[in-house]
Amino acid sequence: MVKRTWFYGLLVVLLVGAAAPGVVPAQAQAADGPVVLALESAREPVEAWAAAFASMEGGAALDLRFVATASEIMARAGEAAVIISDTYEETPPIAFECGYISDVFMLLPGLGARYLASNSCSGVLDPRDALARDFLRFAISPAGQQLAIDLGLLPAVVEIVDQSGATVRVPQPVWRIASPYSIATYYVYGVGAADRLVAAGYLGARDPEGKAGMLKLDPNFETIANAVSTLNQQEANIEELAALHPDLILASARTSWLDAAAALGVSILRFEGESPEALQDAMTLLGAVLGPHAAYQAEQFNAYYSRTLDAILAQTQTIAEPVRVYFSGTNPLRVASGDMYQTAMVEAAGAISVTADLTGYWNDVNLEQVAVWDPDVILFVPYGGANVEAFTGAAEWSAIRAVYEGRVYRLPKLSAPWDTPVPDSILGIIWIAQTLYPDQMSLDCAAETMTFYRLFYGYVMSEGEAQSICK
Amino acid sequence: MTLLEARSVSYSYIAQQAVLSDVSLAVPDQSVIYLLGHNGCGKTTLLEILSGIRPPQAGSVRLNGHDLYHISSARRAQRVGLVPQMHLPVFAYTVRDVVMMGRTPHLRLFGTPGARDRAIVDAAIEQVGLAALRDRPYTGLSGGERQLTLIARGLAQQTEVLLLDEPTAHLDPRNQHRVLETVSQLAGQNVSFVISSHNPNSALLYAHHVVVMKAGRIVADGRPAEVLTEPVLSTAYEMPVEVIYNEKNAARAIMPRRTNGA
Amino acid sequence: MTPILSRWLPGACVWLHAEHRQKALYLLILLLPLPAAIYCIGLGRYAIPTEDVVRALLDFALGRHDASAGPDIVYNLVTRVRLPRIAAAMFIGANLAVTGATFQGIFRNPLVDSNILGVTSGAGFGAALMLLLVGDPLEVQLAAFFVGLVAVLLAYSVSRLYHSAPLLVLTLVGILVGSFFSSLTSLLKYVADPLDTLPAITYWLMGGLTDVTLGDIPALAAISLLGMVVLWGVRWRLNVLSMGDNEALALGLNPTRLKLLIIVCSTLMTAMAVSVGGVIGWVGLVIPHAARTLVGPDHQRLIPATMALGAVFLLLIDTMSRTLLPAEVPLGVFTGVVGVPLLLVILRVNRTGWR
């Protein structure tokens, strides 16, 4: 008797549970779903995205409203949670009590979207605003990209020439990225595709400071970093890598195990981004194969980079005597040669590197040579145990002018050091310029740092934190 | 008076293969003792044991009654010397440098040879007739000249007993004569010599005492006239031997007897 | 060269004995280090007039330097950069050279240097390990020193297990232990972070005196001088030892104890040299040969001559390394590039002349 009751009870629960999903959508259709205001010309993809979003877990039905012109979208933006238009550069003229307008999500080339988080106060995202955000995230995700490909709006394959000169075919969309090149990993974050990483190396994130910084940027990064037991430029565990089913591998021209990886049949992009120009090319390259939003992010980054360099140039080219900089590495007498990215950064900041004539990666010099150069400022790297005491605490260095004038500075880092050719390095250039020319520089390191990490890593940094990195 | 004595010494390099079995030998003062025997009968091993560089596995060696292996090697080397069979060192020391090494046992802890040592060395070189080659590299000399150098080194060591391992093997008759005459002369002046040799005839001429070995044992031991006879030698060398007497001056010569032809 | 001299000084060559010439050459070699050091301390990329160099040295020696008068670049460079380097170069050069000579003697093999028992390979491993784990320069030096000693201890102990042909066994085991530590070092290089640790290890292994400070000199000097005194003391016995163990025994020496003493001394000296200057090759091999060609194989002269020549050689090499180019060229590069032609010249000159 008791057993039978149990059984019937269970049956009822199961039946109700099966029926329940069928119940919910009807409720949602009662105009409670977020409003999406889009251009009529974008009806096809938007409806496809919305339909897919509605049926997926964590998704919901959306209230789609289509209008003919972009100006109408701007006018009616107040009623929407999401606006999709081709004039995405402008923000709609709306003031919120508390709340904000998001940055652009590029859904298709030329079709950008934003969500308006009108209900979100003091940094906490309201569930309805979160839904809007999730919809846009879905639309730019590989799943969303796939829908667009099915509709013929995006190419199924992108063929591109990588930085080693090889032509690479990358089938679209790219779902899973493996990045053994620990610098390229940061390109992926920079173009906003970090959620697709399955295994990667993280430059500078192994020491406690770097790890703490990277955890702020991506709390999940250790899972990705440890996904494959050996994954670096010299060696990789190919089988473990294969088990993760990557669609794209990001390598450097110096990675040595790529022949074995080619057997996996996975597209491999080789990067060589160790100069300002090459870095920008690398971002463009990566953006081109990861969908329209990534391409847009890359474009934004390159624009930001160029703008910043131009601004610095304009402000420093009038200076009569450029500052002479001695850039040292993990050891006070180990210096960056003229070929290296660090020298390019110093020069971009409007200064002169005293070691620019040296060639071939890091060079060892002796103290006499430093005395001959007589630099104004000494900069050193934030890794490898380099510290300021190596200069200020050493009796031999005490007679070097930069040391006794107290102008010895450590380059900042959050995760990747700012002197390495990662996207963050633009902040390094700003920092150098501000440190060397505090009177002439209008760009403020802390402010730019906050903007940069929000835009390109999706990480909102407090002003205090930015100040402490930039000091 | 017995200076140096081996008592019942035995030695084997490989287990169960004895190179020396129960060998006893006494070296009186002022004497020249010849050690004869076939190749591999243990002569070199016996000399090494007698010289103090290879401890016997059974039996003992006594120097003036004291166990040779219980005195310090420096003191032992001042009393007993060994002139090995030839060898070629790696570095091109001069003849003088090599002979100077004989003075080592007489130097103090961190000492180097002084004027007196140099004088002794030069005299020793003179004694073996190599004065003209004194500054020549040892490695550039002929076999016989090298042998003379080693003998000079032994002389420079100024020991009471000097053991020579086949010292005349590469010498021409003139040099053999010179060396053995010097030996004889020094024997008269308080040095005893033990000479291992393949030349029974020089034993006849110079030995006070002859010891014949075969397969690690002593088969004959006594004065030359008693030991260097046909039966003893032919047994020892396992070949026909003829002893020729010259009645005129009572000298003898020992000749192998030809087995084929006339 | 020699034919010219004999034309100029025919009379001199007649009554000037070969022996006197050799003695003069020997004394010349012994007197070389001091003038060389004085000359080299005046050289450097930062031009300092001679009188300023002398003044700085006097101030240093007499403790007259007034630190409160502000930073004095000349004083700093002369006493804190050049002086330690010159002292280190001379001690290390003498160390490596004389230990090479003694090992050639006791191993009766002119092709060995003090690394035959693995001390340099062991020290390299110790340094690489510390660079990987800690990176503190003092600890790197200590690790290099002690692991170098451990390597030789290992080689010596293992070789004692085999009772036949002791010298050959010791040589072989030494080579094996050296290779073993070299392989371990390669493993460390493989594991090291290629951005900073790996280059640090590589540079350390290539040898260099860039980072030598005054603080390194007392320990280096103490062990070097102690070792050199001991080796100088046994210089005569090395002659005998190099003839063979049996002969050494027969001549009243204890070859095992003597060899042990020499090995211990040489190992300490080499480990000290490597811990300060990294792996500097060629000196232990080439300098003894050069010295032998000039003063002969008798260790009474060879040992002091090797010390002097080694000191001067490395001093010149280091001076070149720090003055020729703005960047430092690792010492290991120059010792081969300069040492080999030098040796060829010495061999040639000596053959046509003096004896």
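The values are calculated or read from the model by the stated rules, or taken from the named source; none is laboratory data. Because the structure is predicted, anything quoted here is derived from the model rather than measured. Cβ sites come from the backbone with ideal geometry, for glycine too, and all protein chains shown count toward neighbours.
A quick yes/no check of all residues on (1) among the aliphatic types (A, V, I, L, M); (2) in contact (Cβ under 8 Å) with a residue 12 or more places away in the chain; (3) outside any loop (DSSP other than H, G, I, E, B):
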{"position": "A:ALA132", "(1), (2), (3)": "yes, yes, yes"}
{"position": "A:ALA148", "(1), (2), (3)": "yes, yes, yes"}
{"position": "A:VAL174", "(1), (2), (3)": "yes, yes, no"}
{"position": "A:ALA178", "(1), (2), (3)": "yes, yes, yes"}
{"position": "A:TYR187", "(1), (2), (3)": "no, yes, yes"}
{"position": "A:GLY204", "(1), (2), (3)": "no, yes, no"}
{"position": "A:SER229", "(1), (2), (3)": "no, no, no"}
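In segment B:100-117 there is at least one residue matching the filter, namely being surrounded by 20 or more Cβ atoms within 10 Å (Cβ to Cβ) and of a type in the set (A, V, I, L, M, F, W, C).
Each residue in segment A:136-185 was checked for being hydroxyl-bearing (Ser, Thr, Tyr) and crowded, with 24+ Cβ neighbours inside 10 Å, and 4 pass.
Restricting segment A:276-326 to residues that are touching a residue at least 60 places away in the same chain (Cβ under 8 Å) and assigned to a strand (DSSP E or B), the residue that is surrounded by the most Cβ atoms within 10 Å (Cβ to Cβ) is A:VAL325. With the structure loaded, tell me whether C:TYR162 is in contact (Cβ under 8 Å) with a residue 24 or more places away in the chain and more than 10 Å from chain A (Cβ to nearest Cβ) or whether it fails that test. No: the conditions fail for C:TYR162. Inside segment C:191-227, can you point out the residues that are surrounded by fewer than 20 Cβ atoms within 10 Å (Cβ to Cβ) and closer than 18 Å to C:ARG257 by Cβ? Within segment C:191-227, none qualify.
Among the candidates C:VAL230, C:VAL240, the residue that is modelled with pLDDT of 90 or more, buried (at least 23 other Cβ atoms within 10 Å of the Cβ) and within 10 Å of another protein chain (Cβ to nearest Cβ) is uniquely C:VAL240. Checking each residue in segment B:127-161 for being under 16 Å from B:GLN185 (Cα atoms), within 11 Å of another protein chain (Cβ to nearest Cβ) and not in a helix (DSSP H, G or I) picks out only B:THR159.
Looking at segment C:1-77, the helices (runs of 4 or more DSSP H) lying wholly inside it that each contain 2 or more residues that are closer than 28 Å to C:ALA89 by Cβ and at pLDDT 70 or above sit at C:18-31, C:33-41, C:50-62.
Before we move on, is C:ALA311 buried (at least 24 other Cβ atoms within 10 Å of the Cβ) and away from chain B (no Cβ under 14 Å)?
Criteria met by C:ALA311.
Number of residues in segment B:63-99 that are surrounded by fewer than 20 Cβ atoms within 10 Å (Cβ to Cβ) and either β-branched (Val, Ile, Thr) or in contact with an Asp or Glu (Cβ under 6 Å, 6 or more places away or on another chain) (or both): the value is 3. Among the residues making up segment C:316-345, those that are more than 15 Å from C:TRP282 (Cβ to Cβ) and of a type in the set (A, V, I, L, M, F, W, C) are C:LEU324, C:LEU325, C:ALA327, C:VAL345.
Anything in segment A:233-275 that is acidic (Asp, Glu) and outside any helix (DSSP H, G or I)? List them, or say none. A:GLU235, A:ASP247, A:GLU272, A:GLU274 - these are the residues of segment A:233-275 that are acidic (Asp, Glu) and outside any helix (DSSP H, G or I).
Out of the residues in segment B:233-252 that are surrounded by 13 or more Cβ atoms within 10 Å (Cβ to Cβ) and farther than 24 Å from B:TYR11 by Cβ, state the one that is modelled with the lowest pLDDT.
Start the filter on segment B:233-252 by keeping residues that are surrounded by 13 or more Cβ atoms within 10 Å (Cβ to Cβ), which leaves B:233-237, B:240-243, B:252.
Right, trim to farther than 24 Å from B:TYR11 by Cβ and you get B:233-234, B:240-243, B:252.
Values: B:LEU233: 85, B:SER234: 84, B:PRO240: 82, B:VAL241: 82, B:GLU242: 81, B:VAL243: 81, B:ARG252: 69.
Among them, the one singled out is B:ARG252.
When restricted to residues that are touching a strand residue (DSSP E or B) at 6+ places or on another chain (Cβ under 8 Å), part of a loop (DSSP other than H, G, I, E, B) and of a type in the set (A, V, I, L, M), segment A:150-170 contains 4. Residues that are at the interface with chain A (Cβ under 7 Å from one of its Cβ atoms) and part of a helix (DSSP H, G or I) within segment C:198-219 comprise C:PRO199, C:ALA200, C:TYR203, listed in sequence order.
I need the helices (runs of 4 or more DSSP H) fully contained in segment B:194-246, keeping only those with at least 1 residues that are aromatic (Phe, Trp, Tyr) and more than 14 Å from B:GLY37 (Cα to Cα). Break it down stepwise before answering.
Numbers: elements: B:200-206, B:224-227, B:230-237.
Helices (runs of 4 or more DSSP H) meeting the threshold: B:200-206.
Would you call C:ALA222 more than 9 Å from every other protein chain (Cβ to nearest Cβ), free of Cβ contacts under 8 Å to residues at least 40 places away in the same chain and of a type in the set (Gly, Ala, Ser)? Yes, satisfied. Within segment A:334-386, the set of residues being of a type in the set (S, T, N, Q) and without any contact (Cβ under 8 Å) to a residue 24 or more places away in the chain comprises A:THR343, A:THR359, A:GLN369. Within segment C:177-197, the set of residues being of a type in the set (S, T, N, Q), without any contact (Cβ under 8 Å) to a residue 24 or more places away in the chain and within 14 Å of chain A (Cβ to nearest Cβ) comprises C:SER186 only. Does segment B:117-126 include one or more residues that are under 22 Å from B:ILE33 (Cα atoms), more than 11 Å from every other protein chain (Cβ to nearest Cβ) and modelled with pLDDT of 90 or more? Yes, some residue in segment B:117-126 is under 22 Å from B:ILE33 (Cα atoms), more than 11 Å from every other protein chain (Cβ to nearest Cβ) and modelled with pLDDT of 90 or more.
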